[in-house]
Amino acid sequence: MARKTHIGLPTPEQILRFIEESKDAVGKREIAKHFALHGNDKIALKALLKDMTDEGLVDMAPGRAFHKHGGLPRVAVLRVAAIEGSNAWAVPERWEGSGPAPRIRVIEQGRKGALGVGDRILARTEERGSGHVAHPMKRLQASAEMVIGVLVEEKSPGGKPMIWLRPADKRARFDFAVSDKGDADIGDLVRAELTGRGAAIKAKVVDRIGDPFAPRSLSMIAIARHEIPHVFDGETIAEAGRAAKLPLTPDGREDLRELPIVAIDPIDARDHDDAVWAIPDDDPGNKGGFRAIVAIADVSFYVRPDGALDREARRRGNSVYFPDRVVPMLPETLSAGVCSLKAGEDRAAMACHLVIDRHGKVSAWRFTRALVRLRANIAYEHAQAAHDANEARDDWDADVLPALKNLWASWALLARARAARDPLDLELPERQVILDEKGGIAEIRVRDRLDAHRLIEDYMIAANVAAAKALEAKKSPVMYRIHEPPSREKLVSLKDYLETFERSFALGQVITPAVFNRLIDGFSEDDRLPEIMQAILRSQTQAYYGPANAGHFGLALGSYAHFTSPIRRYADLIVHRALVDSYRLEVPGKPKDLPARTGLGEADAKGLSRIGEAISALERRAMEAERETVDRYVAAYLATKTGEIVVARITGVQPFGFFATVDGLGGDGLVPVSTLGSERFFYDEAARTLDSEHGRVSYTVGQRIELRLTDANPISGALRFELPDAPEGGFRNRPPRRDGLKTPAKDKAGKHMIGKRGRPANIRHKGKRR
């Protein structure tokens, strides 16, 4: 359709050129002023701009400013996506351009209150060099609440089909009616915006994510819910390709290719960060001792500061490991390619040389850049079997089994030193989801804990300590791995809990890991040992990264850093770069199309505190996403067993019921108090029990009990149980909520009430009334 022209009106091409060349936001007023339009021309301009918007030539930004379609507006709403060193980086909240949204450096000069990840700002943007910068105009309120969930269809009481959003968060207590599902289908995983208030809340689908029930796809829920970056942009992929082609020569490296160095990893590992070697020390001054090498992938050679690879690695912080996939910190060209230490191939490594005395103490260390060629990549199970049987596998070189023998002999010394140090010894089971070839659940089991695992763990700890101390010796900045002692508040809670077992815990004593180990030993023959270990775990602080050393309480170490996994942890890459700077380990040569230096640099050295905070938060995100996904697989596995009786263990007690986990499988499910019987129940907070009114029944943490599985929800990972003899619908005839939860009634003050045969009564707390 031909556009009507108007005398004196600029052409669309002239308007686009003016928008592109203007340094300020351009609205209708600025266009009219620039082209000296008056009267009817202004009216015609309004119609022209509407046509240009409809045809996709321009977009409208906040403040009714125009910008070229697909470009970055002069004024835009930005969301802070990362804090890197002293810089905040943001992305447009709305982006319709080709390719990924641009990363924009935010200039915070003179602003009160530092920006944090997730903050929304209205900012003026400008091109600078090859990128953009943003000048904040004002901080905006948080956007509308977004919910990740799966669309389901159910009939209303009147028989009319209705579409609901079933949230992926197991803490969510309601499904939401869907007002607009967009182009999504029933069963799709979607991102939806909640609108309205109270009972009128509706969900509007804004993004279709995919089918979470397709083979090997259940992790999509956690990836979407936690906004985990899982696709690399073109610039990062291109830089990874260039880095992978870097020539690898002995120049500036120690040649260790003749040593029978081996890597011992999980059987399905794709990225091999670390490898080890040991031999009896021939130094007469170290009789009975060993020399060892811990060789770590030299990721800093390939991932250089300030490049696209570095920015993306810092944005991710770590790799995330799901049962159905790995979301790597680095593109697979590097993580599973040239960085990964593979047998028979030359690889760049950072070598930690250790001298271990006959007591297991590491008496000396040094770091070099090296060239290695591994003899073998060995699974933990195969290494353990070979050691136990003193027999090599058929595909091993002749020097592999002797190398394993030396590693075990040297580890015996390290294990002796570890025992003397007496670190916290919590042997908590780790669930392992085994998928079949089609992506279905073949098995869920507890992962075996072998001596081969402990061997590698102790070598890695020794190298991590050496890295921290080597940097301290040079007075260099260190990204420590910090684990502070438990707080008094948590120790008091643990003391109260132990008193219910008639066990004392002196708060006045010096708290060391050995104190908790003696407590564990006291329950070694007790069925309640898993609950005691969980209680001790809950009393511990969360480990984190930072430049201010506070020691590692759990490992009973004064200085500790992460050095051994730079393929999957950004903190380790920081430590590698600091070692390069401190010990002058730069390799010769300056690649033309990659950043030149491989060391840490002054800006990052000064910004370690903010980097540490960011990657600590990303680590917590990854741990939560991994745990949630295993729970979802457990729920999917149990979904075919609803109605069956299972053996469970009570893991938590609350006024509204108790939580239980299925023995040998895990998962977490609620038994509502309304299903426990017709008596009143009293909640004892200190003892963590629910006791019936007449003392006939008591439910306590750690108790093993048979329960009927009534629901297993793979979307959220939530389970629901009831007592085997509970009548259908529970003991109280309250109308069920849409999601099946039966919430205790509340009085006018909002206190929970559970009563006899539906008669309300406040829960009584022994010792306290709430």
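The values are calculated or read from the model by the stated rules, or taken from the named source; none is laboratory data. Remember, it's a predicted structure, so these values are computed and weren't measured experimentally. Quick reminder, even Gly has a Cβ in these numbers, built from the backbone with ideal geometry, and neighbours come from all protein chains shown. Ligands, DNA and RNA are stripped out before the accessible areas are found, and what is left, the full protein with its side chains, is counted by its heavy atoms. Shrake-Rupley method; radii C 1.70, N 1.55, O 1.52, S 1.80 Å.
Considering each of G99, G56, G63 in turn, give the residue that is over 30 Å from G601 (Cα atoms), modelled with pLDDT under 70 and within 34 Å of the chain's Cα centre (by Cα).
Exactly one of G99, G56, G63 is over 30 Å from G601 (Cα atoms), modelled with pLDDT under 70 and within 34 Å of the chain's Cα centre (by Cα), namely G99.
Residues checked against (1) in a loop (DSSP other than H, G, I, E, B); (2) closer than 25 Å to I296 by Cα:
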{"position": "R366", "(1), (2)": "no, yes"}
{"position": "E391", "(1), (2)": "yes, no"}
{"position": "W408", "(1), (2)": "no, yes"}
{"position": "A419", "(1), (2)": "no, no"}
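Just to check your reading of the model, which residue among G196, G118 is open to solvent by less than 70 Å² (accessible area, probe 1.4 Å), under 30 Å from D306 (Cβ atoms) and modelled with pLDDT under 85?
Numbers: G196 fails: under 30 Å from D306 (Cβ atoms).
None of the others qualify; the one that does is G118.
So, in the range 250-289, exactly how many residues are of a type in the set (D, E) and either within 21 Å of V320 (Cα to Cα) or outside any loop (DSSP other than H, G, I, E, B) (or both)?
7
In this structure, does D183 turn out to be assigned to a loop (DSSP other than H, G, I, E, B), open to solvent by 80 Å² or more (accessible area, probe 1.4 Å) and either over 30 Å from R375 (Cα atoms) or in contact (Cβ under 8 Å) with a residue 24 or more places away in the chain (or both)?
yes
Given P229, P247, P215, which one is modelled with pLDDT of 90 or more, assigned to a loop (DSSP other than H, G, I, E, B) and touching a Gly at 6+ places or on another chain (Cβ under 9 Å)?
Only one candidate qualifies: P247.
Taking the criterion of being in contact with a strand residue (DSSP E or B) (Cβ under 7 Å, 6 or more places away or on another chain), open to solvent by 70 Å² or more (accessible area, probe 1.4 Å) and closer than 30 Å to P247 by Cβ, would at least one residue in the range 582-605 satisfy it? Spell out the reasoning first.
Here is the first cut: in the range 582-605, the ones in contact with a strand residue (DSSP E or B) (Cβ under 7 Å, 6 or more places away or on another chain) are 583, 585, 587.
Checking the rest, the ones that are also open to solvent by 70 Å² or more (accessible area, probe 1.4 Å) come to 583.
In the following step, the residues that additionally are closer than 30 Å to P247 by Cβ were identified as 583.
Within the range 582-605, one or more residues are in contact with a strand residue (DSSP E or B) (Cβ under 7 Å, 6 or more places away or on another chain), open to solvent by 70 Å² or more (accessible area, probe 1.4 Å) and closer than 30 Å to P247 by Cβ.
Would you point out which residue out of P250, P229, P284 is touching a residue at least 24 places away in the same chain (Cβ under 8 Å) and more than 27 Å from I83 (Cα to Cα)?
That would be P250, the only listed residue that is touching a residue at least 24 places away in the same chain (Cβ under 8 Å) and more than 27 Å from I83 (Cα to Cα).
Need the failing condition index for E193 against (1) out of contact with any Asp or Glu (no Cβ under 8 Å at 6 or more places or on another chain); (2) acidic (D, E); (3) free of Cβ contacts under 8 Å to residues at least 60 places away in the same chain, just the number.
Every listed condition holds for E193 apart from (1).
Within the range 402-416, can one find any residue that is open to solvent by 60 Å² or more (accessible area, probe 1.4 Å), modelled with pLDDT under 95 and more than 25 Å from I267 (Cβ to Cβ)?
First pass over the range 402-416, keeping only residues open to solvent by 60 Å² or more (accessible area, probe 1.4 Å): 402, 405, 416.
Filter again for modelled with pLDDT under 95, leaving none.
No, the conditions are met nowhere in the range 402-416.
Out of R358, R325, I need the residue that is basic (K, R) and under 29 Å from the mean Cα position of the chain (by Cα). Which one?
Among R358, R325, only R325 is basic (K, R) and under 29 Å from the mean Cα position of the chain (by Cα).
Let me confirm something: among A635, A614, A639, which residue is more than 30 Å from E531 (Cβ to Cβ) and either open to solvent by 10 Å² or more (accessible area, probe 1.4 Å) or not in a strand (DSSP E or B) (or both)?
After ruling out the rest, the residue left standing is A614.
Write out, first by first residue and then by second, each pair whose Cβ atoms fall under 8 Å of each other, whose residues are 6+ apart or on separate chains, and whose first residue, in the range 457-473, is surrounded by fewer than 24 Cβ atoms within 10 Å (Cβ to Cβ) while the second is of a type in the set (D, E).
M460/D274
From (1) surrounded by fewer than 24 Cβ atoms within 10 Å (Cβ to Cβ); (2) modelled with pLDDT of 95 or more, pick out the condition that doesn't hold for R311.
Just one mismatch for R311, condition (2).
Of all residues in the range 222-247, which are buried (at least 21 other Cβ atoms within 10 Å of the Cβ), within 16 Å of S335 (Cβ to Cβ) and touching an Asp or Glu at 6+ places or on another chain (Cβ under 9 Å)?
F232, T236, E239, A240, listed by residue number.
From the list R421, R373, R358, which one is modelled with pLDDT of 95 or more, crowded, with 17+ Cβ neighbours inside 10 Å and not aliphatic (A, V, I, L, M)?
Being modelled with pLDDT of 95 or more, crowded, with 17+ Cβ neighbours inside 10 Å and not aliphatic (A, V, I, L, M) holds for just one of R421, R373, R358, which is R373.
Let me spell it out: the conditions are (1) loosely packed, with under 15 Cβ neighbours inside 10 Å; (2) in a loop (DSSP other than H, G, I, E, B); (3) at pLDDT 90 or above, and P157 meets all of them except one. Which number is the exception?
Condition (3) is where P157 drops out.
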